[in-house]
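The values are calculated or read from the model by the stated rules, or taken from the named source; none is laboratory data. Predicted, not measured: the structure shown is a model, and the values here were computed from it. Cβ atoms come from the backbone with ideal geometry, glycine included; neighbour counts cover every protein chain shown. Surface areas here come from the heavy atoms of the whole protein model, side chains and all, with no ligands, DNA or RNA. Shrake-Rupley method; radii C 1.70, N 1.55, O 1.52, S 1.80 Å.
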Amino acid sequence: MILLGSSSQTRAKILESRGIAFKQVGCDFDEEALEQTVPKNFVYHAAMGKMKACESRFGLETPILCADTVVTAHGEILRKARDEADARRILMMQSGSDVSIITCMVYKSEKKMFIDLSATVYTFAPFDEADLNRYIESGEWRGKAGACMVEGFCKSYIQSVRGYESCAMGLTIEKLEPWLDV
């Protein structure tokens with residue numbers, strides 16, 4: 001059993017798909033307060049901040065797993081969209097571009113600590129305007145880093161992938177499994 005210090009349903013589904021027993025808990029950490037502009041630094045500090053918050057709240061009797069993910073295009077961190085106009089702006093930066101999705105995960109138990117920083121790079125074809133409008137109207141982009149859903153809207157536009165799909169979904173499970181104490 002591990003504590004998943006994340007409210008992400010996608011991360012929970014990844015653990016479930018691998019048969020990893022977990023309890024999902026919230027850990028209060030304000031990642032919006034981070035002043036990091038380099039994507040890898042941002043996700044590292046966000047994941048470590050979440051771990052520190054979870055560890056101080058729950059201790060390490062049960063191992064803890066925390067993670068953070070950012071989407072980047074054209075050197076800019078594409079955060080969660082604030083509204084439909086912001087979602088459109090963010091998605092248009094990704095249309096026809098290389099997009100990096102970077103995940104940092106931290107696993108900590110009483111015995112060990114594992115930190116992984118991974119990136120998956122997608123090359124997207126240009127998005128169809130009508131398809132993009134439907135996606136924005138659906139609201140499925142809400143709460144998603146970069147308003148991006150590689151397992152949903154963006155999937156049909158993928159021209160190439162370099163890296164793990166699980167990394168892009170928020171938890172590089174292939175790298176985590178060997179470290180688990182469960």
Revision key, fill the gap. Checked segment 1-65 against the a/c 1.5 cut and the a/b vs b/c comparison, axes a ≥ b ≥ c from its Cα gyration tensor; verdict oblate
Practice item. Run the 1.4 Å probe and let me know the accessible area of SER109, rounded to the nearest 10 Å². Key: 10 Å²
Study note, to complete from the structure: Under the 7 Å Cα-to-Cβ spin-label approximation, ASN41 and ASP128 lie apart by a distance in nanometres of 4.2 nm
Review point. Is the chain best put as rounded, prolate or oblate by its Cα gyration tensor, with a ≥ b ≥ c the root eigenvalues, rounded for a/c under 1.5, and otherwise prolate when a/b is larger than b/c, oblate when not?
Key: prolate
Point to revise | Summed residue charge, Cβ within 13 Å of SER100's Cβ, Lys/Arg positive, Asp/Glu negative | key: 0
Check your understanding: Does segment 122-182 classify as rounded, prolate or oblate by the C-alpha gyration tensor (a ≥ b ≥ c root eigenvalues; a/c under 1.5 gives rounded; else a/b over b/c gives prolate, otherwise oblate)?
Key -> oblate
Study note, to complete from the structure: With the dipole of the chain defined by +1 on each Lys or Arg Cβ and -1 on each Asp or Glu Cβ, the option from GLN94, ALA67, ALA168 whose Cα lies farthest towards the positive pole is ALA67
Review point. So which trypsin sites (Lys or Arg not before Pro) in segment 42-85 pass both tests, a DSSP loop state and at most 12 other Cβ atoms within 10 Å of the Cβ?
Key: ARG82
Exercise for review: With a 1.4 Å probe and every protein chain left in place, tell me how much accessible area MET113 has, in Å² to the nearest 10.
Suggested key: 80 Å²
Check your understanding: Counting only protein heavy atoms and using a 1.4 Å probe, what share of the accessible area of segment 93-155 belongs to carbon plus sulfur, as a whole percent?
Key -> 46 percent
Practice item. Quickly work out the THR62-to-ILE115 label distance, labels modelled 7 Å from Cα along the C-beta direction, and quote it in nm with one decimal. Key: 2.5 nm
Check your understanding: How much area per residue is accessible in segment 24-67 when the probe is 1.4 Å and only protein heavy atoms are counted (Å²)?
Key -> 55 Å²
Revision key, fill the gap. Per DSSP loop assignment and a cutoff of at most 16 other beta carbons within 10 Å, the chain keeps its longest run without exposed GluC sites (Glu not before Pro) at 62-109
